[in-house]
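Novice: Right, I'll just put the structure down here and ask away after.
The values are calculated or read from the model by the stated rules, or taken from the named source; none is laboratory data. Keep in mind that this is a model prediction, so the values were computed, not measured. Here Cβ is always computed from backbone atoms with ideal geometry, including for glycine, and neighbour counts include all displayed protein chains. Side chains included, ligands, DNA and RNA excluded: accessible areas come from the protein's heavy atoms. Shrake-Rupley method; radii C 1.70, N 1.55, O 1.52, S 1.80 Å.
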Amino acid sequence: QTRSLLGVFEEDAAAISNYINQLFQAMHRIYDAQNELSAATHLTSKLLKEYEKQRFPLGGDDEVMTSTLQQFAKVIDELSSCHAVLSTQLADAMMFPITQFKERDLKEILTLKEVFQIASNDHDAAITRYSRLSKRKENEKIKAEVTEDVYTSRKKQHQTMMHYFCALNTLQYKKKISLLEPLLGYMQAQISFFKMGSENLTEQLEEFLTNIGTSVQNVRREMDCEVENMQQTIEDLEVASDPLYLPDPDPTKFPAHRNLTRKAGYLNARNKTGLVSSSWERQFYFTQGGNLMSQARGDVAGGLVMDIDNCSVMAVDCEDRRYCFQITSFDGKKSSILQAESKKDYEEWICTINNISKQIYLSENPEEIAARVNQSALEAVTPSPSFQQRHESLRPAVQSRPPAARTSSTGSLGSDSAALSALSLDSLVAPDTPIQFDIISPVSEDLPGQAKSSGQSGRRTNPFGESGGSKPETEDSILHQLFIVRFLGSMEVRCDESPDVVYETMRQILAARAIHNVFRMTESHLLVTCDCLKLIDPQTQVTRLRFPLPNVVLYATHQENKRLFGFVLRTSGGRVDSHQTSICYIFESNNEGEKICDSVGLAKQIALHAELDRKASEKQKEIDRVKEKQQKELNKQKQIEKDLEEQSRLIAASSRSNQSSTEGQFVVLSSSQSEDSDLGEDGKKKRESE
């Protein structure tokens with residue numbers, strides 16, 4: 001606003017300078033060329049008549065000035081035919097005042113403008129060097145020099161700015177004087193030249209000129225009074241503004257205001273110039289409703305940077321710069337990294353954007369509601385007397401829902417028969433349960449909530465996210481859905497049968513983050529499959545956490561803020577190794593909490609049907625194996641019966657052949673014995689062998 005107003009004043013000064021130059025040239029023609037006195041006087045009259053057509057941005061009393069100058073133009077037009085040698089009188093009474101205004105006052109404005117521009121550039125350069133200071137405490141001498149440079153340049157800019165503004169304000173009075181005094185001197189010279197006896201110089205005109213002279217004196221006295229007041233204001237502002245010249249004031253003397261719903265100031269914006277390179281640009285940022293706007297120097301109005309309704313903001317480490325934070329839009333498609341000048345601005349920007357993202361600015365008293373919300377967050381860590389009171393204050397709409405109804409954003413494998421009013425806070429979450437705000441890497445620590453199988457107990461995690469030639473476990477999964485989430489925290493819970501345990505965990509984690517000023521969130525990709533839920537690093541593609549789907553017994557989204565969702569994981573081991581423990585994990589998504597819960601529910605249904613199909617397939621295989629075994633036994637029995645029948649047939653045939661051979665045996669023996677006597681010993685052996 002200050003620079004826009006300054007632009008208006010500078011435009012007005014340029015218009016005054018342009019007009020004064022033309023008027024000066026006209027009066028100089030009167031002085032230089034006596035032969036052209038009539039033409040020059042006519043030109044002066046013409047310029048005075050055109051004053052009403054001039055559009056001075058700060059012309060508040062243009063009607064009075066216009067009427068006065070019109071009267072002068074009429075008189076000068078009548079005197080255009082009367083020429084005389086007025087060199088001395090015109091030089092002293094007409095040319096001197098306007099020359100002084102042109103050469104001294106207007107040049108002073110130009111000089112102050114250049115000095116202010118130089119001081120502003122020096123201040124920008126000092127701020128840029130200060131913004132590049134590292135967070136390391138190695139070069140304290142350099143930091144002190146840069147801080148002193150910022151202090152000196154800021155003080156110089158402020159002092160130059162105030163004197164420049166004072167000169168611009170004074171110019172409005174000098175404009176009137178510079179216009180009226182030369183005309184008054186000219187007319188007095190004309191009256192003196194014609195010895196008050198000219199027909200054109202009447203008593204009425206003399207009275208008019210007297211009134212104008214009185215008005216000029218009044219304007220001069222008013223200007224002197226205003227200049228004195230402005231000088232006193234400058235001195236007071238210099239004393240009061242001295243602590244504000246420091247770029248990072250003491251937070252104990254200037255605490256951050258956390259209940260703001262509007263904020264404006266200069267920020268450094270990070271712009272990517274390549275794959276790994278980036279640049280920082282300092283611009284003026286301000287909030288307008290639910291929008292974040294920016295305005296470059298010289299622009300007429302601001303431009304939209306991002307819609308910050310339902311957005312997320314978190315502190316980030318960026319290129320070794322301090323006070324950096326990142327704003328991500330509600331759909332996750334756009335983000336900006338900004339750097340504040342001081343810790344106070346840094347905290348106020350984060351709190352203001354958080355308040356705007358909750359749409360508090362739409363209420364009648366936004367700052368009062370923001371203070372009440374922040375106070376409620378501070379009181380949220382103190383448990384309520386009963387869960388019923390907390391439930392009525394936080395979620396009044398849940399009571400009216402039928403107990404048997406189940407929305408698509410809530411799922412549970414346990415029983416829902418427990419009455420809500422009978423529950424207490426201690427039955428959901430233990431009072432001394434610690435909250436974990438960061439994701440524990442599986443390389444350095446056992447994954448919470450994951451039971452190690454015998455085949456995985458000795459396996460080392462691949463830091464590059466590769467399987468080492470083995471087949472990925474989710475390769476055959478029907479469902480693959482990926483969501484962008486930010487981990488808010490996790491804590492152990494006592495109950496995993498009601499979605500209220502998820503709501504209570506959300507309340508405690510958000511309250512703890514608000515109290516301890518924990519703005520940092522870890523962004524990950526949540527992969528939902530039919531076997532498990534995986535948290536994957538978006539840059540390295542390394543699996544940070546793995547949650548077996550059968551162990552996810554409960555999942556739900558927040559009743560009002562659909563970006564928040566959580567699930568309860570039932571695991572073996574915990575505080576007491578012999579008992580099962582339940583851990584509730586809370587995440588923030590890009591307005592996709594219900595979609596994630598629906599995806600988890602779909603995955604569990606697919607897994608259930610797959611398990612039923614697997615059991616049915618195994619049962620069918622068992623039946624087929626029994627049938628095959630029975631068929632084999634039957635075939636074996638038939639083969640045995642067939643073999644027995646064949647054997648009996650062979651035995652019968654053998655018995656018949658034995659009977660016939662017995663009858664002819666005696667004949668053969670008798671003939672053989674008779675032949676044996678003739679064959680000798682060799683014949684006998686041959687016979688026996690036969």
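Novice: On the given criteria, is Val146 free of Cβ contacts under 8 Å to residues at least 24 places away in the same chain, farther than 30 Å from Glu222 by Cα and surrounded by 19 or more Cβ atoms within 10 Å (Cβ to Cβ)?
Specialist: Values: free of Cβ contacts under 8 Å to residues at least 24 places away in the same chain: yes; farther than 30 Å from Glu222 by Cα: yes; surrounded by 19 or more Cβ atoms within 10 Å (Cβ to Cβ): yes.
When the stated conditions are applied, Val146 passes them.
Each row is one residue, and each column tells you yes or no for (1) in contact with a Gly (Cβ under 9 Å, 6 or more places away or on another chain); (2) outside the structural domain of Ser312 (by the TED database); (3) assigned to a helix (DSSP H, G or I).
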{"site": "Val502", "(1), (2), (3)": "yes, yes, yes"}
{"site": "Ala514", "(1), (2), (3)": "no, yes, yes"}
{"site": "Arg520", "(1), (2), (3)": "no, yes, no"}
{"site": "Leu526", "(1), (2), (3)": "no, yes, no"}
{"site": "Phe567", "(1), (2), (3)": "yes, yes, no"}
{"site": "Ile586", "(1), (2), (3)": "yes, yes, no"}
{"site": "Ile596", "(1), (2), (3)": "no, yes, yes"}
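Novice: Separate question: Only one of these conditions is not met by Thr252: (1) open to solvent by less than 80 Å² (accessible area, probe 1.4 Å); (2) over 26 Å from Leu168 (Cβ atoms). Which number is it?
Specialist: Of everything listed in (1) open to solvent by less than 80 Å² (accessible area, probe 1.4 Å); (2) over 26 Å from Leu168 (Cβ atoms), Thr252 misses just condition (1).
Novice: Could you grab me the full set of residues in the range 514-540 that are within 23 Å of Asp331 (Cβ to Cβ), in contact (Cβ under 8 Å) with a residue 12 or more places away in the chain and of a type in the set (S, T, N, Q)?
Specialist: At the first step, the residues of the range 514-540 found to be within 23 Å of Asp331 (Cβ to Cβ) are 519-528, 533-539.
Now restrict to residues that are in contact (Cβ under 8 Å) with a residue 12 or more places away in the chain: 519-528, 533-538.
Thr522, Ser524 - these are the residues of the range 514-540 that are within 23 Å of Asp331 (Cβ to Cβ), in contact (Cβ under 8 Å) with a residue 12 or more places away in the chain and of a type in the set (S, T, N, Q).
Novice: Mind telling me which of the residues Ser192, Ser178, Ser153, Ser120 ends up being under 30 Å from Glu228 (Cβ atoms), modelled with pLDDT under 90 and among the small types (Gly, Ala, Ser)? Walk me through it before giving the result.
Specialist: Working: Ser192 fails: under 30 Å from Glu228 (Cβ atoms); Ser153 fails: modelled with pLDDT under 90; Ser120 fails: modelled with pLDDT under 90.
Result: Ser178 is the single residue among Ser192, Ser178, Ser153, Ser120 that is under 30 Å from Glu228 (Cβ atoms), modelled with pLDDT under 90 and among the small types (Gly, Ala, Ser).
Novice: To continue, here is another question. Going by the structure shown, is Arg297 basic (Lys, Arg), in contact (Cβ under 8 Å) with a residue 40 or more places away in the chain, touching a helix residue (DSSP H, G or I) at 6+ places or on another chain (Cβ under 9 Å) and over 21 Å from Thr128 (Cα atoms)?
Specialist: Details: basic (Lys, Arg): yes; in contact (Cβ under 8 Å) with a residue 40 or more places away in the chain: yes; touching a helix residue (DSSP H, G or I) at 6+ places or on another chain (Cβ under 9 Å): yes; over 21 Å from Thr128 (Cα atoms): no.
No, not satisfied.
Matching residues to (1) closer than 21 Å to Gln89 by Cα; (2) in contact with a Ser or Thr (Cβ under 6 Å, 6 or more places away or on another chain); (3) among the aliphatic types (A, V, I, L, M); (4) surrounded by 13 or more Cβ atoms within 10 Å (Cβ to Cβ):
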{"site": "Ser17", "(1), (2), (3), (4)": "no, no, no, yes"}
{"site": "Tyr31", "(1), (2), (3), (4)": "yes, no, no, yes"}
{"site": "Leu37", "(1), (2), (3), (4)": "yes, no, yes, yes"}
{"site": "Ala40", "(1), (2), (3), (4)": "yes, no, yes, yes"}
{"site": "Ser45", "(1), (2), (3), (4)": "yes, no, no, yes"}
{"site": "Glu52", "(1), (2), (3), (4)": "no, yes, no, yes"}
{"site": "Leu58", "(1), (2), (3), (4)": "no, no, yes, yes"}
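Novice: Looking at this structure, is Asp122 touching a Leu at 6+ places or on another chain (Cβ under 7 Å), surrounded by 14 or more Cβ atoms within 10 Å (Cβ to Cβ), acidic (Asp, Glu) and in contact (Cβ under 8 Å) with a residue 12 or more places away in the chain?
Specialist: Details: touching a Leu at 6+ places or on another chain (Cβ under 7 Å): no; surrounded by 14 or more Cβ atoms within 10 Å (Cβ to Cβ): yes; acidic (Asp, Glu): yes; in contact (Cβ under 8 Å) with a residue 12 or more places away in the chain: yes.
Against the criterion (touching a Leu at 6+ places or on another chain (Cβ under 7 Å), surrounded by 14 or more Cβ atoms within 10 Å (Cβ to Cβ), acidic (Asp, Glu) and in contact (Cβ under 8 Å) with a residue 12 or more places away in the chain), Asp122 does not qualify.
Novice: For the range 147-170, indicate whether the set of residues that are over 43 Å from the mean Cα position of the chain (by Cα) and among the acidic types (Asp, Glu) is non-empty. Break it down into steps so the answer makes sense when it comes.
Specialist: Of the range 147-170, the ones over 43 Å from the mean Cα position of the chain (by Cα) are 170.
Applying the additional criterion that residues be among the acidic types (Asp, Glu) yields none.
Checked against the condition, which is being over 43 Å from the mean Cα position of the chain (by Cα) and among the acidic types (Asp, Glu), the range 147-170 yields no hits at all.
Novice: Then there is this: Taking the criterion of being open to solvent by less than 20 Å² (accessible area, probe 1.4 Å) and under 25 Å from Ser4 (Cβ atoms), would at least one residue in the range 111-118 satisfy it?
Specialist: Quick first cut of the range 111-118, residues open to solvent by less than 20 Å² (accessible area, probe 1.4 Å) only: 116.
Adding the requirement that they be under 25 Å from Ser4 (Cβ atoms) leaves 116.
Yes.
Novice: Can you find a residue in the range 630-640 that is exposed (fewer than 11 other Cβ atoms within 10 Å of the Cβ) and at pLDDT below 60? If you could, list the steps in order and put the result at the bottom.
Specialist: Taking the range 630-640 first, the residues exposed (fewer than 11 other Cβ atoms within 10 Å of the Cβ) are 630-640.
Subsequent filtering for residues that are at pLDDT below 60 retains none.
There is no residue in the range 630-640 that is exposed (fewer than 11 other Cβ atoms within 10 Å of the Cβ) and at pLDDT below 60.
Novice: Here's something else I'd like to know. Could you say which residue among Val305, Val300 is open to solvent by less than 50 Å² (accessible area, probe 1.4 Å) and assigned by the TED database to the domain that holds Tyr361? Let's see the steps before the verdict.
Specialist: Details: Val300 fails: open to solvent by less than 50 Å² (accessible area, probe 1.4 Å).
So the residue among Val305, Val300 that is open to solvent by less than 50 Å² (accessible area, probe 1.4 Å) and assigned by the TED database to the domain that holds Tyr361 is Val305.
Novice: In the set Arg649, Arg614, Arg687, which member is at pLDDT below 85, surrounded by 10 or more Cβ atoms within 10 Å (Cβ to Cβ) and over 30 Å from Cys530 (Cα atoms)?
Specialist: Details: Arg649 fails: at pLDDT below 85; Arg614 fails: over 30 Å from Cys530 (Cα atoms).
None of the other options fit; the residue is Arg687.
Novice: Residues of the range 19-29 being open to solvent by less than 30 Å² (accessible area, probe 1.4 Å) and under 21 Å from Leu168 (Cβ atoms), which ones?
Specialist: Step one: of the range 19-29, the residues open to solvent by less than 30 Å² (accessible area, probe 1.4 Å) are 19-20, 23, 26-27.
Listed by number, the residues that qualify are Tyr19, Ile20, Leu23.
Novice: I've got another one for you. Residues that are farther than 30 Å from Thr505 by Cα, small (Gly, Ala, Ser) and open to solvent by 20 Å² or more (accessible area, probe 1.4 Å): does the range 598-611 have at least one? Spell out the reasoning first.
Specialist: First, the residues of the range 598-611 that are farther than 30 Å from Thr505 by Cα: 609-611.
Next, from what is left, pick out any that are small (Gly, Ala, Ser): 610.
Narrowing the set further to residues that are open to solvent by 20 Å² or more (accessible area, probe 1.4 Å) leaves 610.
Checking the range 598-611: at least one residue is farther than 30 Å from Thr505 by Cα, small (Gly, Ala, Ser) and open to solvent by 20 Å² or more (accessible area, probe 1.4 Å).
Novice: I'd like to know if the range 154-175 contains one or more residues that are in contact with a strand residue (DSSP E or B) (Cβ under 9 Å, 6 or more places away or on another chain) and either open to solvent by 20 Å² or more (accessible area, probe 1.4 Å) or assigned by the TED database to the domain that holds Leu106 (or both).
Specialist: From the range 154-175, those in contact with a strand residue (DSSP E or B) (Cβ under 9 Å, 6 or more places away or on another chain) are none; that's our starting set.
There is no residue in the range 154-175 that is in contact with a strand residue (DSSP E or B) (Cβ under 9 Å, 6 or more places away or on another chain) and either open to solvent by 20 Å² or more (accessible area, probe 1.4 Å) or assigned by the TED database to the domain that holds Leu106 (or both).
Novice: Between Phe101, Phe56, Phe96, Phe72, which is within 25 Å of Tyr186 (Cβ to Cβ) and modelled with pLDDT under 80? Outline the logic, then answer.
Specialist: Values: Phe101 fails: modelled with pLDDT under 80; Phe96 fails: modelled with pLDDT under 80; Phe72 fails: modelled with pLDDT under 80.
Checking each option against the conditions leaves just Phe56.
Novice: Right, here's the next one. Only one of (1) closer than 25 Å to Arg136 by Cα; (2) touching a residue at least 12 places away in the same chain (Cβ under 8 Å) fails for Asp317. Which number is that?
Specialist: The one condition Asp317 does not meet is (2).
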